[in-house]
Amino acid sequence: SCMSWQRATTWDALAAGPVVFHQSPLQIVLYRVEDQVFAIDNRCPHEGYPLAEGTLDEQCQLTCNWHNWKFRLSDGVCVLGGDHVRAYDVKIEAGDVWIDLSSPDPQVQQAGILNGFQTAFRKRDTGRICRELTRLEFHRLDPQEALRSAIAWSHDRLEFGTSHAYAGTADWLTLADRYTDDWERRLICLAEAVDHIAHDALRRPRYPYATVGAAFSTGAFQEAVENEDSVTAEGLVHRALAEGLHFDNLEPDFTRAALQHYNDFGHSLIYVQKTGELIARLGAECEAWLLPALTRHLCYTTREDLIPEFKGITAALAALPASAGEQATPPSLSGLQKGGVRGALSWVTTHLQTHGIPVLFDALLQANARNQVGFDTSYQESFDRPVNDSVGWLSFTHALTFSQAVAAQCGKFPQQWPRGLLQMACFVGRNQRFLDSQIELAAWQVTDATAYLEQVREGLLDHGMRDPIISAHLLKTTMAVERLVSDCQPDTAVWLLAALRRFLESPFKQKHIRRLARQAIDLVGRDFPGPTGMA
């Protein structure tokens, strides 16, 4: 429109050098080069320094002298550095220079921002990720479109399917919901989600998924997963999606497959739950990326019930009563807290005859929370224990995040409760060896749950951890506890909050180089005679 053209300066004024035109809130710098005039935003998109102070070369490239970013005057494209800068149409009439300030078409604008976002994502450039997300928000476009794009760009670079990055994204988005009117806090949540996805896809080749396969059926899917046949399983899921099925239709099959074995520290069930949350949040278009990844994960996951320590779960399943009892008074935890995995499994089979599922769930949840309060952190610090004693905080936090996934998924599919409870019992049993009997609840008790959780959420927004897998565990443990405390018995809530507090306020060893070095020498050295250089 003619209203959008503004007189900025004169042809003669530009002979002396660049002119900065202010039309609040815009700052635009104009350069005259021979018989042409160029206009671009004056603020360098990196840190906001004035491009009018820059250096112009003979190729019509403008360098920001602060960090050597270089821009083409003709279209604002950044040829060295990062983000592009906006260029404006210019016309000259009777010695006056006019600029077109009309807004670009929103679709063109979104495509341009997402293009820049893709570069930031590929390089895992957190500063630029934050800037491009903010451009979407401030142009009244949908920043979640960037998250959909990140999932689309990453899903086939995950060699073993779903990773913590997607599960963490579901939790970051849930946290972001608390801050609908606070862009700074929401931006942190979105940027953290993108950063983790970028981390997991960084410099990874493509691992293509199987194309559309045979007709989907529950039996065929279960068999393919059981046989660790990811090609068949992915093909079945692709066919299901092609025929118009959605996550809601497939969720019972994913849940069942996740609980079919005591899988990989509970990751499988957690990933099923979080995938569902992500799809509900970001829309059905994400199913085409998230469901093949989840399928691949289920085929590759570690089946811990094949390890001698956990083999008892098969017998425990066979020994379960046909239906649960009704008794609502909590059973004693004493039998559950000693006797290892075998004892914990038999505790469940015994009490299921007499007690209702809600009270058993609560008891197992409390036992896992008590374990987390009592973790003997010398196991995390040591480097000279046997390999099966290499435990850290995640052995304990997964018990709580898995429990929350059990509450959600078995709540939807009640026939899965026995498997969920027995696997919670496996966590209770496996962690008993690693406790410090001197640690008291009183030292970690939380007096005001609401205020404490508020403080924890603020801490998550500036956690300072470089490696996103660590911040993902801080976040997902917090979110699981926050959901669980609202539903459990008061004394269980006390233990849950204490468990969260002990985890968040204890040192977290992020790297175990001496332990790994020693274990390598020990293992490899077994095949060689004589001393192997161990001190």
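Size descriptors for the chain, from the alpha-carbon set: Rg then Dmax equal 28.6, 95 Å. Solvent exposure of region 300-381, expressed per residue, is 45 Å² of accessible area, with all protein chains present and a 1.4 angstrom probe. Using a cut-off of 30 Å between Cα atoms, the listed pairs K91/K123; K412/K509; K70/K476; K338/K509; K412/K476 include K91/K123; K412/K509; K70/K476 as exceeding that distance. These residues, T10, T447, T218, go from largest to smallest accessible area, 1.4 Å probe, as T447, T218, T10. In loop segments of region 367-421 as defined by DSSP, the chymotrypsin sites (Phe, Trp or Tyr not before Pro) with at most 15 further C-beta atoms inside 10 Å of their C-beta are F383. Dimensions of region 224-369 based on its C-alpha atoms, expressed as ranges along the principal axes with the largest first, amount to 50, 32, 29 Å.
Please work out the FRET efficiency for the pair A315 and Q415, using the Cβ-Cβ distance as r and a Förster radius of 22 Å; give the result to the nearest 0.05.
Computed FRET efficiency for A315 and Q415: 0.65.
Shape class for region 115-222, computed from the alpha carbon gyration tensor (a ≥ b ≥ c): prolate, with a/c not under 1.5 and a/b above b/c. Once backbone amide H atoms are built at 1.01 Å from N, L101 has W5, Q6 as its partners under 5 Å, excluding neighbours fewer than 5 places away on the same chain. Using the Cβ-Cβ distance between S334 and E228 with R0 = 30 Å, the FRET efficiency computed as 1/(1 + (r/R0)^6) comes to roughly 0.15. Exactly which trypsin sites (Lys or Arg not before Pro) in region 286-375 are in a DSSP loop and have at most 13 other Cβ atoms within 10 Å? When the trypsin sites (Lys or Arg not before Pro) of region 286-375 are filtered for loop state and at most 13 Cβ neighbours within 10 Å, K338 remain. A crude spin-label estimate for the pair A15 and I307, with each label 7 Å from Cα along the Cβ direction, gives 8.2 nm. In a solvent-free Debye calculation with one equal scatterer on each Cα, what is log10 I(q)/I(0) for region 389-441 at q = 0.14, 0.15, 0.28, 0.31 Å⁻¹, listed in the order of the q values? For the requested q values the scattering log ratios are -0.44, -0.49, -1.08, -1.20. Amide H contacts of H355 (H built 1.01 Å from N, in plane; Pro and chain starts excluded): G325, Q327 sit under 5 Å, all sequence-distant by 5 or more or on other chains. Using the 1.4 Å probe convention, the accessible area of region 418-535 works out to 53 Å² per residue with neighbouring protein chains retained.
The portion of the accessible surface of region 166-269 made up by carbon and sulfur, rounded to a whole percent, is 47 (1.4 Å probe; DNA, RNA and ligands excluded).
Counting only protein heavy atoms and a probe of 1.4 Å, the accessible surface of region 84-152 is 48% carbon and sulfur. The mean accessible area for residues of region 20-112, using a 1.4 Å probe and ignoring ligands and nucleic acids, is 54 Å² per residue.
Sequence-ordered 3J(HN,Hα) estimates for region 441-450 from the Karplus curve with 6.51, -1.76 and 1.60 and θ = phi - 60° stand at 4, 3, 5, 10, 5, 9, 7, 10, 4, 4 Hz, glycine and proline given as x.
Checking the a/c ratio against 1.5 first, then a/b against b/c, what shape does the Cα gyration tensor give for region 207-246? It is oblate, given that a/c is not under 1.5 and a/b is not larger than b/c.
Multiply the residue gap between L516 and V108 by 0.36 nm, knock off their C-alpha separation, and tell me the result in nm, one decimal place. Walk me through the numbers on the way to the answer.
On the way: separation 408, 0.36 × 408 = 146.88 nm, distance 5.11 nm.
Contour length minus the Cα-Cα distance gives 141.8 nm.
The C-alpha atoms of the chain define a longest principal axis, and helix 513-525 lies at about 60 degrees to it.
Using θ = phi - 60° in the Karplus curve 6.51 cos²θ - 1.76 cosθ + 1.60, the 3J(HN,Hα) couplings for region 63-70 round to 9, 7, 6, 6, 9, 6, 6, 10 Hz; x is entered for Gly and Pro. Residue-normalised convex hull volume from the C-alpha trace of region 40-114: 107 Å³ per residue.
Seen against the Cα atoms of the chain and their longest principal axis, helix 267-282 is set at about 40 degrees.
Annotation note: trypsin sites (Lys or Arg not before Pro) in region 103-189 located in DSSP loop regions with a Cβ neighbour count of at most 15 within 10 Å are R140. Once the chain from E47 to S323 is taken as fully extended at 0.36 nm per residue, the excess over their C-alpha distance is 92.9 nm. Taken one residue at a time, the phi angles of region 236-243 give Karplus couplings (6.51, -1.76, 1.60, θ = phi - 60°) of 4, 5, 4, 5, 4, 5, 4, 8 Hz. Gly and Pro are set to x. Think of it as helices only: each DSSP H run of n ≥ 4 in the chain is worth -39500 (n - 2.57), and spread over all residues that comes to -16500 deg cm²/dmol at 222 nm. Between the helical axis of 490-504 and the longest alpha-carbon principal axis of the chain there is an angle of about 50 degrees. For region 298-376, the equivalent ellipsoid built from the Cα gyration tensor has semi-axes of 22, 18, 12 Å, listed from largest to smallest.
The values are calculated or read from the model by the stated rules, or taken from the named source; none is laboratory data. Quick caveat, the model's predicted, so the values are computed rather than measured. Glycine gets a Cβ as well: all are built from the backbone with ideal geometry, and neighbour counts include every protein chain shown. We work out accessible area using only protein heavy atoms, side chains counted, and drop any ligands, DNA or RNA first. Shrake-Rupley method; radii C 1.70, N 1.55, O 1.52, S 1.80 Å.
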